[in-house]
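Structure record follows, encoded as C-alpha cells.
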Amino acid sequence: MRDHVIFAINGREHRAGGREIFTTLANWLRYVGPASAGPLTGTKIVCEEGDCGACTVLIRRSAQEEFVPVNACILSLCQLDGASIVTVEGIRMNAVQQSMIAHHGAQCGYCTPGFVVAMCGLFETCDRVTDKQVRDGLTGNLCRCTGYEPIIKAALAVDGKSMPKLRDVYREVPSARDAVRIDNFFAPTTIEDAVRFKSENPGCTILQGGTDVGVWINKRHFTAPAMLFLGKIAGLSELREKNEIVVGANVSLAAFEVFIRDRIPELYGILNIFGSPQIKYAGTLVGNIANGSPIGDTLPYLFVADAKLELTGTGGTRTVAVNSFYRGYKQFDLRADEIITRVFVPIVKDTVKLYKVSRRKDLDISAFTAAIRLRMNGRIEEARIAYGGVAPTVIRLPKTESFLKGKSPSLDVFERAGELARSEVKPISDVRGSADYRLQLAENILSKFWHEVSA
C-alpha cells in the first residue's frame, strides 16, 4: 500500500502525498506544476464549478483508453493515481491551434486553451468532425467574445491526419494498481476493503467523478472526515446487458450514454443534454443516484423502469428498488457500511417519454423533470409517472397512475390526469423556477405527452 499518488503530466511522471493530494489539478498545475517545468499556467481557472471549460485537460487511465476531456478545476490529485494527463502545453502547436488562428477563433484568449484541448480530444478518434460533433463536443466550453462561429469553423477545417494522435505521443500510463492510503483518504483495490473503511469512518464521503464533491470543496470549503475513492476497484467497471443493463459504480455517464444509444433511446436523449463531455467523462450513474437530488436527470426513468440497486456492506450484498431507496431529502435506505456497487437498469419496451425543463437546453440544472410510461392495448393497461423538482425527492404519482389505468387515451383524459397530477405535488420556489411554474409544468406535461404519442 502506497502513501502517495502517481500521475503523469505531458509524459512526465510525478508524485504527490500528504495534504497536497486534496489540491485540485488546476491549482496544482498553475501554482506548483511539474518539478522540471514549474507552473503550467495555460490551464485557466474561471468558474471552479466545472461549467466554463477554461480548465479543460485530457486524461486517460490505461493504455487501452483514449484521451478524453475533463475539468481540472473540480478534479483533485487524489483521483489521479495511475492517470496520464495532457495540458495545453503538452499539445504544442498543431493543426487545431493553426486553424484557430486562421479562423480568428480567439479574442480575449482566456477561454482559448480549454477550447483547444477539448477540440484536440475530438480528433483522437477521428480525422474530420461534423457540425453536430463540434457543437456537442464543445458544449462544456464557454466563450464571451467570439459568438462561437469562428471556433466552430476552425474545428470543421481541421484535418486530423496532419497531426499525431496524443495516444501515440504519450504512450505510457503510470503503473499504479496497488491501494493508496494517505491520512484520511483511502483508494482500495477491493470492495471488501472499501466497505470496511466506510464502516470504520462515520461520515465518510465517497469520491468518484467529483463533479459535485469538487464544487463543494471549492465553493463551500467542504472538508470530509474521511474520503473513499472507488476508482481502483476493477470489478466496479462492469457494463453489460443480460436481460437488463448492469452498470457498475465506476462506469462513467459518457460510457453509459454510448451503451444505451440504441437500447434506451429516450434516456440517451436526456443524457445527451445532461451535461458537458467533461462532466460526463468524470461523473457516474451511481454518483447521480447517490447524490439524491430531486432534480437528478437520470432518476425519473429509473423510477418508472423499476431499476434496482445493489448495496454492498460488511455483511454482504442486498438489492433495493430505486423507488424505495429515497426516504427523504438526501436520506437513503443505505446502512453506514454500505456502498452502491451496481445499478440494474431495465430496458422498457412500453411507450416512454422523458422530459427535462431548464433555462438552457445544454449544461443546465433542471427546474423540472418527468418520465411517463404507458402500456397500452387499445386502453391504458398500466401507467407509471415519475416527477422531479416537485418534492424533496423524485416521486411517483399513484393517484394519477390509477386514474389513467383502464381508460381509452384521449386529450380530455390526459388533461384531467394533468389536473390530478398537479394536486399530487408540492413544489417550492427557488432560483430555477417558482412553485406556480412547476405546478403548471406538472399539469401541462401530460397534455404534451398525449400530443407527442398520438401524432
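Bear in mind that the values in this text are calculations on the coordinates, not laboratory data. Quantities reported herein were computed from a predicted structural model and do not represent experimental measurements. So basically every Cβ, Gly included, is an ideal-geometry build from the backbone, and we count neighbours across all protein chains shown.
Values for this structure:
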quantity	calculated
Kirkwood hydrodynamic radius (C-alpha pairs) into Stokes-Einstein, segment 270-319, 37 °C and 0.692 mPa s, D in µm²/s	264
When the convex hull of its Cα atoms is projected in every direction, mean area for segment 1-172 (nm²)	9.6
Kirkwood Rh in Å, taken over all unlike Cα pairs in the chain	23.3
Radius 9 Å from Cβ of VAL390, net charge of other residues (Lys, Arg +1; Asp, Glu -1)	+1
Under 19 Å from the LYS405 label point (7 Å along Cα→beta-carbon), backbone N, segment 266-307	303-307
Burial ranking of peptide ranges 408-415, 206-213 (average Cβ count within 10 Å, highest at the top)	206-213, 408-415
Estimated Rh, segment 53-103: Kirkwood, alpha-carbon pairs, angstrom	12.3
Listed peptides 232-244, 136-148, 47-59 by packing density, highest first (mean Cβ within 10 Å)	47-59, 136-148, 232-244
Theoretical gain in end-to-end length, GLU244 to VAL413 [0.36 nm per residue, Cα-Cα removed]	57.6 nm
Cα pair distances of segment 117-258 binned at 5 Å [whole percent]	2, 7, 12, 13, 13, 16, 13, 11, 8, 4, 1, 0
Cα gyration tensor of segment 234-346 - equivalent ellipsoid semi-axes, whole Å, descending	21, 16, 14
Approximate spin-label separation ILE273-TYR31, in nm, with each point projected 7 Å along Cα-to-Cβ	3.8
Proportion of all alpha-carbon pairs of segment 215-270 beyond 14 Å (%)	66
Summed side-chain charge close to LEU354 - residues other than LEU354 whose Cβ falls under 10 Å, Lys, Arg +1, Asp, Glu -1	+1
Histogram of C-alpha separations across segment 1-91, 5 Å bin width, %	3, 15, 27, 28, 18, 8, 1, 0
Rg/Rh for segment 84-168, where both radii come from Cα atoms and Rh is the Kirkwood radius	0.92
Spatial separation of Cα centroids for segment 43-71 and segment 252-326, in angstrom	22
Residue-count net charge about GLY283 - beta-carbon cut-off 13 Å; Lys, Arg +1, Asp, Glu -1	-2
Calculated log₁₀ intensity ratio I(q)/I(0) where the Debye formula runs over C-alpha points of segment 351-454, q = 0.10, 0.15, 0.25 Å⁻¹	-0.26, -0.57, -1.42
FRET efficiency estimate (nearest 0.05) - Cβ-Cβ, THR317 to LYS448, R0 41 angstrom	0.55
Theoretical gain in end-to-end length, ARG15 to ARG171 [0.36 nm per residue, Cα-Cα removed]	54.3 nm
